[in-house]
Amino acid sequence: MYTRKQTKTKCDIVVDEVLSMIAKGVYKENEKLPPERYFVDYFGMSRVTIRESFKKLSMLGVVQIKQGEGTFVSKSDPSKLIQPAFASIIMDDLSVSQLYDARMYVESAVSRLAARTITEEQAAHLDELLSAMDTEVRNRDTDRFSALDIEFHEYLAEIAGNYILSAIYRTIKDIISKYITKSNLSPEVVRVSQGYHKKIVAAIKDHDSEQARQLMEKHVEIVRDNLIERIKAGEVPAYLK
């Protein structure tokens, strides 16, 4: 079987190394980076390559290029440092099963932490989100429901209070949202998902971390299995392109 060989361009090498430096704290938030000539010498690459590399870093939101002033590290956000790694996996045809396995581990941890840390104000906002999703279930508006679904899970990650988990979820969410758009979820799948959302919220509000974890894992498992069945039936592309 033919396997496509992945090779990194010079630009990719520079981007990966600078991302690593920022992640390790070599260059910190709002810090001005050395001039272009420094990186030309450091990497032994041309000005054109360095310039294109920093344009890519700017597009990723990792650095900000200010004309006449220099290049500065943007506000630190772990998800921006993680995204390039996920992008390379996508090009290697990340399977739905692998993606949802990753989602299950992240969201089960998120639900357990949320059950421990949730406040009354956060619980009230979850109730508002559930009410809004109920409306879209009744309206059978799967597109609007999907948007609220993503917001719901992202808010749970925020409640969990773990910055790294939240960043990882936002990164996975960006990929998942593409699958959701392509999956054309049926009203029945939406109804079942909403039922799990309500049970998960009830467990979190009761501070029952183990019940919240179990319900979340079952919820993600059902969504995953439904999507895989649709892929087998040819209704959804097996891989993102």
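The values are calculated or read from the model by the stated rules, or taken from the named source; none is laboratory data. No experiment lies behind these values; they were computed from the predicted model shown. No Cβ is skipped: glycine too gets one built from the backbone with ideal geometry, and neighbour counts run over all protein chains shown. Surface accessibility is based on the protein's heavy atoms, side chains included, excluding ligands, DNA and RNA. Shrake-Rupley method; radii C 1.70, N 1.55, O 1.52, S 1.80 Å.
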* Asked: Hey, any hits in segment 71-89 for a residue that's open to solvent by 70 Å² or more (accessible area, probe 1.4 Å), closer than 30 Å to Tyr27 by Cβ, modelled with pLDDT under 95 and in contact with a Cys (Cβ under 8 Å, 6 or more places away or on another chain)?
  -> no
* **Residues located in segment 133-143, provided they are under 18 Å from Lys173 (Cβ atoms) and surrounded by 15 or more Cβ atoms within 10 Å (Cβ to Cβ)** => Met133, Thr142
* Asked: Can you name the residue in segment 210-232 that is among the β-branched types (Val, Ile, Thr) and either out of contact with any Pro (no Cβ under 9 Å at 6 or more places or on another chain) or not in a helix (DSSP H, G or I) (or both) and is also nearest to Ala102 (Cα to Cα) among such residues?
  -> Val220
* Can you pull out the residues in segment 150-160 that are at pLDDT below 90 and open to solvent by 10 Å² or more (accessible area, probe 1.4 Å)? -> Ile150, Glu151, Glu154, Glu158
